[in-house]
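Here is the structure we will look at, set down as structure tokens.
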Amino acid sequence: MTQQELPSALKNIVESSQTPDAIFSALLPAVGDFLQSDRCFLYLHNPQNDLGRVAFCWIRTPDVPTVYNEEWAAQPPTLVDEDPMFAAALRAEPSIFVEDVETADSQVLNREFEQKYFGHRALIHAHIRQDGQLWGILQPCIFGHPRIWTEDERGVINNLVEKITPFAIDYVKCAFD
């Protein structure tokens, strides 16, 4: 597998010609299996009105906390100051691969914020962006121990984010039509 190739399980879902809802519902467990992660959620964001929600969440086991928002909501005005990764996503910076929340640079993440709101130990903060605008964040994560993300995994996630960007945009736009 080259860095840019998607594993067949992910590729088949992305190329399935289903609705964004069906694609994301099938994709999160497949991403979780591919990365052997404990949780994978998809935050979707409307850059026109700055509303967002975690619309999809998969957990490996029931003891892993679920992250989900039923309604679209504005982010707290302090979020950009409290969460450097969300600020980076809003600036449409490249995705962030955190191998250990405990030892990550404070310029990359706010350890206390991550522990309080998410509880994970390692994560990928994959930014779904187009034309300098944030449309979503795909976030697979690991609980309880660090995780080294391989170059192949990084390549797959970056490629996957490119491929799902049109579906994320379509989902967000349809929610506000």
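The values are calculated or read from the model by the stated rules, or taken from the named source; none is laboratory data. In this text, all values refer to a predicted model and were calculated from it rather than measured experimentally. When we count neighbours, we look across all protein chains shown, and the Cβ atoms used for this are built from the backbone with ideal geometry, even at glycine.
Here are the numbers for this structure:
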| read-out | value |
| --- | --- |
| Qualifying residues in the stretch 1-13 (those that are surrounded by fewer than 18 Cβ atoms within 10 Å (Cβ to Cβ) and closer than 17 Å to Phe167 by Cα) - the one nearest to the chain's Cα centre (by Cα) | Lys11 |
| Cross-chain or 6+ apart pairs with Cβ under 9 Å, the stretch 33-48 first and closer than 23 Å to Pro146 by Cβ and modelled with pLDDT of 95 or more, then hydroxyl-bearing (Ser, Thr, Tyr) and part of a loop (DSSP other than H, G, I, E, B) | Asp38/Thr61; Arg39/Thr66; Phe41/Thr66; Phe41/Tyr68 |
| Whichever residue in the stretch 168-177 is in contact with a strand residue (DSSP E or B) (Cβ under 9 Å, 6 or more places away or on another chain), of a type in the set (A, V, I, L, M, F, W, C) and touching a residue at least 40 places away in the same chain (Cβ under 8 Å) and, among such residues, is surrounded by the most Cβ atoms within 10 Å (Cβ to Cβ) | Ala168 |
| Residue among Pro140, Pro146 that alone is surrounded by fewer than 20 Cβ atoms within 10 Å (Cβ to Cβ) and in contact with a strand residue (DSSP E or B) (Cβ under 7 Å, 6 or more places away or on another chain) | Pro146 |
| Number of the condition not met by Ser8 [criteria: (1) polar (S, T, N, Q); (2) without any contact (Cβ under 8 Å) to a residue 24 or more places away in the chain; (3) in contact with a helix residue (DSSP H, G or I) (Cβ under 9 Å, 6 or more places away or on another chain)] | (3) |
| Complete set of residues in the stretch 87-142 that are part of a helix (DSSP H, G or I), under 17 Å from Arg53 (Cβ atoms) and free of Cβ contacts under 8 Å to residues at least 40 places away in the same chain | Tyr117 |
| So Tyr117, is it at pLDDT 95 or above and of a type in the set (Phe, Trp, Tyr) | no |
| One residue from Ala122, Ala126 being modelled with pLDDT of 95 or more, on the phi < 0 side of the Ramachandran plot and in contact with an Asp or Glu (Cβ under 6 Å, 6 or more places away or on another chain) | Ala122 |
| Residues of the stretch 87-103 classified as under 17 Å from the mean Cα position of the chain (by Cα), within 20 Å of Arg39 (Cβ to Cβ) and surrounded by fewer than 17 Cβ atoms within 10 Å (Cβ to Cβ), total | 2 |
| Residues that are over 18 Å from Gly144 (Cβ atoms), under 17 Å from the mean Cα position of the chain (by Cα), of a type in the set (A, V, I, L, M, F, W, C) and not in a helix (DSSP H, G or I), drawn from the stretch 55-86 | Ala55, Phe56, Cys57, Trp72 |
| Single condition Arg60 does not satisfy, out of (1) under 18 Å from Ile124 (Cβ atoms); (2) free of Cβ contacts under 8 Å to residues at least 12 places away in the same chain; (3) basic (Lys, Arg) | (2) |
| Index of the failed condition, Asp38 passing every other in (1) under 22 Å from Arg129 (Cβ atoms); (2) among the acidic types (Asp, Glu); (3) buried (at least 19 other Cβ atoms within 10 Å of the Cβ) | (1) |
| Breaking point among (1) part of a helix (DSSP H, G or I); (2) out of contact with any His (no Cβ under 6 Å at 6 or more places or on another chain), for Glu5 | (1) |
